[in-house]
Amino acid sequence: MATTKSARRSRKLTPAPQKVVPTGLEWRLWLIVGFMGLCAVLLIARLVFLQVIQGDELTAKARQQQVKVIQTFRPRRTITDRHGMALAVDQAVYTVYAHPHLLKEPPREIAERIAPILHRSPEELNRLLSLPTTSVRLERWLNEEAVDALKKLRIEGLDFIPQQRRIYPHQNLAAEIIGYVDIDHYGQAGLEKSQEQILQRPEYTIEVLQDGNGRLIPNEVPRSVTENDQGVLQLTIDGRLQRTARELLQAQISKFSALRGAAVVMDARTGEILTLVTQPTYDPNRYFDYHKTPEVYKNWAVSDLYEPGSTFKPLNVAIALDAGVIRPDTVIYDEGIMQVGDATISNFDGGSSGGSLTVTEILEQSSNIAMVHMMELLSRKSYYEWLQKLGINQPISTDLPAEAVGQLKPPEEFLNYRIEPAAAAFGQGFAVTILKMVQLHGILANGGVMVTPHVVKGVVDGNGKLQPVANLPQPKRIFSQTTANQVVEMMTSVVENGTGKSARIPGYRYGGKTGTAQKASASGGYTSGKITSFVGIFPARAPRFVVMTVVDEPIGARALGSTVAAPVVKGIIEELITIEGIPPTHPQEINGASAEPPVAN
């Protein structure tokens, strides 16, 4: 019993286990640990989202904000004439940026100081400098002199970014050939556009970092100019002759209140164009001033078609001679007027009969009727094939842009309707460009061989060596040497004795042909307007140059090829004589000689 009581007593003395209850301090510690753990999980999730899911997008945004890509000053190639006279050059200019938040002086005071240099009103500049932005452009195309003046003011918060601007030193001298570049320095017309890849030197850009205040920090060293970047684009154009041609043409357009005009000079041996002038024209330095008259940007001697009229007659004579249907002494009767189907054809004077005419006299008098009879000696099929051989409806493949392709009636019309070959006999019923007509007469001047008119001579490298840049088509024989020589001799008689007397130059002999053509209407048929023209092949012996002038819609009863266009060609050839130093073939005529008054057509 005692043992049992003792055991019970000892069990009573053992304390019972107690339940642990966390204190307030421990609860707070657990809450903090849990919150921090949750934050860590959310932070890791956010980092994963930013780094993995949105990483590329955010990197691009950061780069856009921090990195500024600047195109380095890499001027386009200079364009020169055949003698090295600069026609288009690049000039170093600057774009001026301001960072308003970095300015240490009040915007209005800064505006007052820089306004005279920028030629802007202080009010306008104050508005720009007060904008809530990190960077604002104040002016572009600022020259180095103005930039130096701004730098001397020591105004903090201004940046000067170098750029380039195209300058045309001789304004409109060769605008129709060269064209112009836009505000972004890309060619928009002429050679500036068609020769973009040659004119634009190898481009590269540099990256600059932009700090939080908008200041630019260069990130790399600009590379130097290499030999491949050097060189100028040299043209075949003669600047002096170009200026003379423009002045002569402009004077005639004004005198006869004409719509427009063009003059072209080509070296018949090579196809090099020494002069190509169109009027009206523009100043490519201020191309933006002509948006109301966009037609001035167009070189219409290359891009517009016209019916050549009588200036095509020498080519028809060459066709007939080479085809063997006539000889130089062939006589053809000119009755003055004839009926072809429903159409009435007459000579330029309304129907006067020329009687029996030799081939030379046909060209001297510019007889339409005799030309129709001459070309009807040739089958229509053969005649059409000859026109195709001349490339009437084929491109020239010149290096001038926007070339129009001539139009020739479909063969079924030409072969089935007598009026079509009859009209073609005196240069109507088909259409070509002025440049194409120059090329065609170049065949006669070049002894029967066709060459390609072009204005790009090549790139003159840093060592002064000319590097050709174009693969021109190979010269192609069209007429025999004998035929070409015979036609040029006949054309010489036109200037000495026929409708081209107004272009005669005492002491010299050259071939020529007048033209006064009806002007085709866009809606079909012909308008009341006319196109006058004259083409010259100079000199008559061993010809070298083709000179052509076309004047569109001169006003007046006496506005003919002989009175409007021929004097321009004469003046251009006289300038050629001076430039090339060509001696007279008949010096005895020079003293006291004068040209006879013009006759007609």
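The values are calculated or read from the model by the stated rules, or taken from the named source; none is laboratory data. In this text, all values refer to a predicted model and were calculated from it rather than measured experimentally. Here Cβ is always computed from backbone atoms with ideal geometry, including for glycine, and neighbour counts include all displayed protein chains.
For (1) touching a Phe, Trp or Tyr at 6+ places or on another chain (Cβ under 8 Å); (2) crowded, with 20+ Cβ neighbours inside 10 Å; (3) of a type in the set (Val, Ile, Thr), each residue gets a yes or a no:
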{"site": "489", "(1), (2), (3)": "no, no, no"}
{"site": "508", "(1), (2), (3)": "yes, yes, no"}
{"site": "526", "(1), (2), (3)": "no, no, no"}
{"site": "531", "(1), (2), (3)": "yes, yes, yes"}
{"site": "538", "(1), (2), (3)": "yes, yes, no"}
{"site": "545", "(1), (2), (3)": "yes, yes, no"}
{"site": "585", "(1), (2), (3)": "yes, no, yes"}
**Asked** surrounded by fewer than 22 Cβ atoms within 10 Å (Cβ to Cβ), at pLDDT 60 or above and assigned to a loop (DSSP other than H, G, I, E, B) - does that describe any residue in the range 205-213?
**Response** yes
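For residue 364, are the conditions met, namely being acidic (Asp, Glu), in the same structural domain as residue 301 (by TED's automatic domain parsing), more than 28 Å from the chain's Cα centre (by Cα) and crowded, with 24+ Cβ neighbours inside 10 Å?
On the way: acidic (Asp, Glu): yes; in the same structural domain as residue 301 (by TED's automatic domain parsing): yes; more than 28 Å from the chain's Cα centre (by Cα): yes; crowded, with 24+ Cβ neighbours inside 10 Å: yes.
When the stated conditions are applied, residue 364 passes them.
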**Prompt:** Is it the case that residue 515 is part of a strand (DSSP E or B) and surrounded by 24 or more Cβ atoms within 10 Å (Cβ to Cβ)?
**Reply:** yes
**Within the range 302-358, considering residues that are of a type in the set (Phe, Trp, Tyr) and not in a helix (DSSP H, G or I), the one nearest to the chain's Cα centre (by Cα)** = 306
**Message:** Residue pairs, Cβ under 7 Å, 6 or more apart or interchain, first in the range 138-149 and under 15 Å from residue 90 (Cα atoms) and not assigned by TED's automatic domain parsing to the domain that holds residue 98, second at pLDDT below 90 and hydrophobic (A, V, I, L, M, F, W, C). List them.
**Reply:** none
**Request:** Taking residue 492 as the residue in question, decide whether it is touching an Asp or Glu at 6+ places or on another chain (Cβ under 8 Å), closer than 30 Å to residue 452 by Cα and either modelled with pLDDT under 95 or part of a helix (DSSP H, G or I) (or both).
**Result:** no
**Message:** Suppose we filter the range 385-406 for residues that are in a helix (DSSP H, G or I) and over 18 Å from residue 450 (Cβ atoms); how many remain?
**Reply:** 0
**Request:** Give the residues of the range 237-288 that are in a helix (DSSP H, G or I) and among the charged types (D, E, K, R), sorted by residue number.
**Result:** 240, 243, 246, 247, 255, 286
**Hey, residue 581 surrounded by 13 or more Cβ atoms within 10 Å (Cβ to Cβ) and farther than 16 Å from residue 266 by Cβ or not** = no
**Message:** Tell me the residue from 554, 543 that is modelled with pLDDT of 95 or more, over 22 Å from residue 241 (Cα atoms) and touching a strand residue (DSSP E or B) at 6+ places or on another chain (Cβ under 8 Å), please.
**Reply:** 554
**Prompt:** Got at least one residue in the range 274-292 being surrounded by 20 or more Cβ atoms within 10 Å (Cβ to Cβ), without any contact (Cβ under 8 Å) to a residue 60 or more places away in the chain, of a type in the set (Val, Ile, Thr) and not assigned by TED's automatic domain parsing to the domain that holds residue 185?
**Reply:** no
